[in-house]
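S.K.: There's a structure below that I have some questions on.
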Protein chains: 2
Amino acid sequence: MTVGVSVLLDFFGVQSLEHHRADLWEELLERAIVVGNLTMLQIASHQFPGVIHQESQGKPGGATAFALLAESHISVHTWPEKAKIVIDVFTCGSESGLTSLIDYLKAQVPHTTMTITRILRGEKE
Amino acid sequence: MTVGVSVLLDFFGVQSLEHHRADLWEELLERAIVVGNLTMLQIASHQFPGVIHQESQGKPGGATAFALLAESHISVHTWPEKAKIVIDVFTCGSESGLTSLIDYLKAQVPHTTMTITRILRGEKE
């Protein structure tokens, strides 16, 4: 018997600088949680300062956001200099809610390609 | 080029009720972050109320804890009625720090068996 499922979403080609802002991610997570029929306990985020080096080409720093849910959590980390965003959804909520949540996140993040990895948790003994 | 690594730890047979307390997990995460040479940004936790039903046999509710790091995050979810604890470590920090952190967590959680899954993030494009 599992305790839930981890869904790891890796987005590539996220050139939109807005999607590397922590305040946007707080808003998107709040909406995603409603879409997924989940219950928010706490939300936190952090905007990293921009670093001027060759790779980042003057882009802002990345963002991190985290939502603690009654049904587990969602985390977001972004790397504007690599145009990548990585989202983890860990839930023991309903499968239909999870599908809606993932569809919402995919629609909200402008990207070129992405990967999804699903891992059942607490399964073996 | 990856952006970091997710290490998913699933602990089974965690009978110690103390290890299903949110306040203990805040302490353990603060120490683990020092051991792993990581930098804490924020920490949050939640204790779920105990539910009296056949499966839980009067045990307390589970705990959730989350540490937002400069190098990504650590999350903990516990299920006392199933004697299971699931920890996610997502880091773009050093490999030696990660090994020390995982060794510390394994030593701190009394368990019968466990599984570790490592997944490189943001790798494909």
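S.K.: Scan the stretch B:1-50 for residues that are among the aromatic types (Phe, Trp, Tyr) and modelled with pLDDT of 95 or more and jot them down.
M.R.: Of everything in the stretch B:1-50, those that are among the aromatic types (Phe, Trp, Tyr) and modelled with pLDDT of 95 or more turn out to be B:11, B:12, B:25.
S.K.: Moving on. Are any residues in the stretch B:66-125 acidic (Asp, Glu) and over 24 Å from residue A:118 (Cβ atoms), and if so, which ones?
M.R.: Residues satisfying the conditions are B:71, B:81, B:95, B:103.
S.K.: Also, quick follow-up: Please determine, by comparing only the residues of the stretch B:98-125 that are touching a helix residue (DSSP H, G or I) at 6+ places or on another chain (Cβ under 8 Å) and either at pLDDT below 95 or small (Gly, Ala, Ser) (or both), which one is surrounded by the fewest Cβ atoms within 10 Å (Cβ to Cβ).
M.R.: For the stretch B:98-125, the residue satisfying everything is B:100.
S.K.: If I ask for residues that are away from chain B (no Cβ under 11 Å) and out of contact with any Gly (no Cβ under 9 Å at 6 or more places or on another chain), which ones from the stretch A:64-95 would you list?
M.R.: Across the stretch A:64-95, the qualifying residue is only A:95.
The values are calculated or read from the model by the stated rules, or taken from the named source; none is laboratory data. Predicted model only: the values in this text are computed from it and were never measured. Cβ sites come from the backbone with ideal geometry, for glycine too, and all protein chains shown count toward neighbours.
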